[in-house]
Each structure stands twice: as structure tokens, then as C-alpha cells.
Amino acid sequence: MNRNDQEFIVQKIRTQYTEKTATELDELKALDAKVKRPANVFAYIFGSISAVIMGSGMSLVMTDIAEVIGISNPMLWGIIIGILGLVMAVVNYPVYKAILGNRRKKYADSIIRLSDKLIKK
């Protein structure tokens, strides 16, 4: 290993142990994440739940699991549950956009103020 490689490794390890000071750019990134995170979490969770519900309806229609759990008319219930999951999946994106829009309005002033300060530096 040559001298440059050793210095690079030493510097890389050293930076892990030095105290990092928070900058205004870090604060701007944190605010941006604070705006987007709740909308993303909602969209992922709600979308996953709607996919599971839609899949449950499909499995009632396409398999004999309805007989095992005692559902007398699996086609009707499977279609109803599948459509419910489909509606939830379709509604997911507009709700995500609404949550994101409300959060952007709430934090817009502080993000604009901070980004203007960073640009003018």
C-alpha cells in the first residue's frame, strides 16, 4: 500500500471521529426531509395496505380459500374486497399530494428564507 492510500484511509477514519458542525445547508436538508417524510410514510403504508386488501379479494375469487374459512359466495365477496383495495390504491396518490402540498405551505417561508440566505452567500 503506498503512502497516498494510507493517508486516504487515515483521513477517512479520522473524519468519523471528528465533531461535525451543523451548517445552514444541513438545516435546509433537514427541513426538506421534514416536509416530505410524513407524506412518503403515509403513501407507503396506505399503498401496502391497499395492495394487501386487493390481493385478498383476488385470492377469494381465484382460490378455494373461501371454502376453508367458510364464505358461502366467494365471488361476490372477493370482487367487493378487491374493488375496495383498488379504490384505496387509486386514492393513495391524491391524498399523498394533498399531504405534501399542505406541508409545503406550512414550511415554505422558512425554506425560502434559508435557501435565499444560502444563495446570497
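Couple of notes before you dig in:
- Too-long pairs where the Cα-Cα distance tops 23 Å, listed order kept, from 20/106; 20/117; 29/97: 20/106
- Helical segments meeting 18 Å axial Cα length and Kyte-Doolittle -1.0 threshold in the chain (DSSP H): 24-62, 74-120
- Between the range 79-93 and the range 17-72, the C-alpha centres lie 15 angstrom from each other.
- Entry for Rg/Rh (Cα atoms, Kirkwood Rh) (calculated from the structure that is shown) out of [x] 1.32; [y] 1.07; [z] 1.09: [x]
- Computed over the chain: relative contact order in percent, which uses C-alpha pairs under 8 Å that are six or more apart: 33
- List 27, 67, ordered by accessible area with a 1.4 Å probe, largest first: 67, 27
- The chain - mean residue ellipticity at 222 nm from DSSP helices (-39,500 (n - 2.57) per run, n ≥ 4, rounded to 500): -31000 deg cm²/dmol
- Accessible area of residue 54 in the full protein assembly, 1.4 Å probe (Å², nearest 10): 60
The values are calculated or read from the model by the stated rules, or taken from the named source; none is laboratory data. Being a predicted model, the structure only gives us computed values, none of them experimental. Remember, those area values only see protein heavy atoms, side chains included, never the ligands or the DNA or RNA. Shrake-Rupley method; radii C 1.70, N 1.55, O 1.52, S 1.80 Å.
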